[in-house]
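Engineer: The structure is given below, and queries will be raised subsequently.
Read the figures in this text as sums done on the coordinates, not as results from a lab. None of the values given here were measured: they were computed from a predicted structure. Neighbour counts are summed over all protein chains in view; Cβ atoms, including those assigned to glycine, are modelled from backbone coordinates with ideal geometry.
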Amino acid sequence: MKQTLSIRKYLLIGSLIFGMLFGAGNLIFPVHLGQMAGAYWLAATGGFLFSGVLLPLMAILAISITRAKGIYDLARPNGHWYALLFLILVHATLGPLFATPRTATVPYTIGFASHIPANLNWVGLLIYSAIFFGLVYYFSSKETSITTIIGKVLNPLFLLMLLAIFLLAAISPLGKASTTTITAAYQHAAWTNGFLQGYNTMDALAALAFGVTVITAIRSFKLKNDRQVAIATAKGGAVGIIGIALIYIGLIYLGATSLHHFTMAENGGITLAQIAHFYLGTFGDALLATLATVGCLTTAMGLVVAFAQDFHKRFPKVSYQRFLLFNCGLSFVVANLGLNRIITWSTPVLMFLYPLAITLIILGIASPLFNNDRLVYRLTTGLTLIPAFFDMVNNLPAILRATAPAQWLINLASHFLPFFNLGFGWLTFGIAGFGLGLAGHFLLNRQASTAPTMQGERD
């Protein structure tokens, strides 16, 4: 029997996806992008929306088309060990090493750090992150409660607070974005730099990881047919991600116009705090602290649940609760290293993982064209791995990038990899691998179809 979901349930799914994707990086990176792009904010926005919005939507569509239940299933055509390693790397990045700790350090940095003496900030972060991850663990302990908690309670509260800041900025603008300063990097490559800034949100990786969480929530609506689950995932994903796109545009514009009143900041969190204080004073500081905490709390819940679900599925001898506790505990430890260190060390990892994720997403969407042939997957992924490694080296922290081996590799890539200096060294290799894979697939299929005819002629 055909079952369909109501509009209300599609909105709830969209709200679930929105709440899990929109958090720490989604608040600070668009604003900082606006400041860097200045008058070219629209071009930079185009690139940012491509990697920060379109790619996550494509990831959800890839999961829908392949009917995968997560990262492992989507990467499985590349082989068991590749799929398992990719799963571990993505979840380590989204989990306790980078993204999940960032969900605590970002709201603390932009909402609380400036009100605490500098020499006591480590104590403040320690207390804040302990409470933060305690709440994350408590709310995430029961898998079935995540849809209600994120979709019905926290998201509306978060959206109302963010809308208040946007309304005030619309009534009394900070200035015209078209007359603001453009940094050197964005004068000639605004779109490509905006695209690369979208990596920092980690949303394409998160969309792959949240596949299992979204499908679990959708199945709770009594949809058992795989095709129905896939369609509901795609529709709900579109609702949630379009909402994120609209907020990105507003945040980038705020960042660009803020240059009329504030100087370029080290990160978007500082700028957000300045904007909130400009419009609302001390109340604005409190509003932003609450907004950031609520927004990042929803993202942290989605991250730790997806981590625990996927790892419990792959290693069933360890319970879901233990994986959940491990993630929250390690994230608490890493968070206390500080926001700047987390961002610095996450960049090279993202430059390595994102090209692999992008090609995997495209392969998943295009898989009906070549019947999910492993040859296409392996050639595309194998060739993409090469420039992705060089991109990682090129974005190492300064102390490592300056070493002789790293400089030798960077110079080598600069001479032989097209678009390497723009951060797109993987593009030509990925396209070449995909083209070779398709050619091989159709050639082998043609040979297989003609073989019986030739055998019959000989007989």
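Engineer: Please state the relative contact order of the range 184-343 as a whole percent: Cα pairs under 8 Å, 6+ residues apart? Provide the component values of the computation, followed by the final result.
Structural biologist: Numbers: 62 pairs, mean separation 29.8, N = 160.
With pairs under 8 Å counted, the relative contact order is 19 percent.
Engineer: I need the phi-derived Karplus couplings for the range 263-273: 6.51 cos²θ - 1.76 cosθ + 1.60, θ = phi - 60°, integer Hz, Gly and Pro marked x.
Structural biologist: 3J(HN,Hα) across the range 263-273, in whole Hz: 7, 4, 9, 5, 8, x, x, 5, 5, 4, 4.
Engineer: Between Thr263 and Asn421, what FRET efficiency follows from the Cβ-Cβ distance if R0 is 41 Å, with the result rounded to 0.05? Write out the running numbers ahead of the final one.
Structural biologist: Details: r = 28 Å, r/R0 = 0.69.
Efficiency, from the Cβ-Cβ distance: 0.90.
Engineer: So what J values fall out for the range 7-15 if you push phi through Karplus, 6.51 cos²θ - 1.76 cosθ + 1.60 with θ = phi - 60°, rounded to Hz, Gly and Pro as x?
Structural biologist: Here the 3J(HN,Hα) series is 4, 4, 6, 5, 5, 5, 5, x, 5 Hz.
Engineer: In what sequence do Ile71, Ile247, Ile241 fall when counting other Cβ within 10 Å, fewest first?
Structural biologist: Details: Ile71 29, Ile247 18, Ile241 26.
Placing the least packed residue first, the sequence is Ile247, Ile241, Ile71.
Engineer: Sticking with this one: For each of Tyr199, Tyr82, count neighbouring Cβ atoms within 10 Å of the residue's Cβ, then give the residues from fewest to most.
Structural biologist: Working: Tyr199 28, Tyr82 18.
Final ranking by Cβ density, sparse to dense: Tyr82, Tyr199.
Engineer: If you don't mind, another one. For the chain, what relative contact order do you get, as a whole percent, if you take Cα pairs closer than 8 Å and at least 6 residues apart? Intermediate values should be presented prior to the final figure.
Structural biologist: Numbers: 712 pairs, mean separation 138.6, N = 459.
Answer for the chain is 30 percent.
Engineer: Mind checking the dipole of the range 229-366: about its Cα centre, +1 per Lys or Arg Cβ, -1 per Asp or Glu Cβ, Debye to the nearest 20?
Structural biologist: Values: 6 positive and 3 negative charges, 117 e Å.
My answer is approximately 560 debye.
Engineer: Charges at C-beta only: +1 for Lys and Arg, -1 for Asp and Glu. How large is the resulting dipole of the chain about its Cα centre, in Debye rounded to 20?
Structural biologist: On the way: 25 positive and 11 negative charges, 249 e Å.
In total the dipole reaches around 1200 debye.
Engineer: Using the count of nearby Cβ atoms within 10 Å as a rough guide to exposure, how do Trp81, Trp122 rank from fewest to most?
Structural biologist: Details: Trp81 8, Trp122 12.
By the 10 Å Cβ count, ascending: Trp81, Trp122.
Engineer: Using only the C-alpha atoms of the chain, find the volume of their convex hull and express it per residue in Å³.
Structural biologist: Details: hull volume 78.7 nm³, N = 459.
Spread over its residues, the Cα hull of the chain gives 171 Å³ apiece.
Engineer: Residue-wise, which Karplus ³J(HN,Hα) couplings in Hz belong to the range 281-297, taking 6.51 cos²θ - 1.76 cosθ + 1.60, θ = phi - 60°, and x for glycine or proline?
Structural biologist: Going residue by residue, I get x, 4, 4, x, 4, 5, 4, 5, 4, 5, 4, 5, 5, 5, x, 6, 5 Hz, with x marking Gly and Pro.
Engineer: Using only the Cα atoms of the range 350-447, build the gyration tensor, take square roots of its eigenvalues as a ≥ b ≥ c, and label the shape rounded, prolate or oblate: rounded if a/c is under 1.5, else prolate if a/b is larger than b/c, else oblate. Before the final figure, lay out each step's value.
Structural biologist: Working: a/c = 3.42, a/b = 2.43, b/c = 1.41.
Prolate shape, in that a/c is at least 1.5 and a/b is the bigger ratio.
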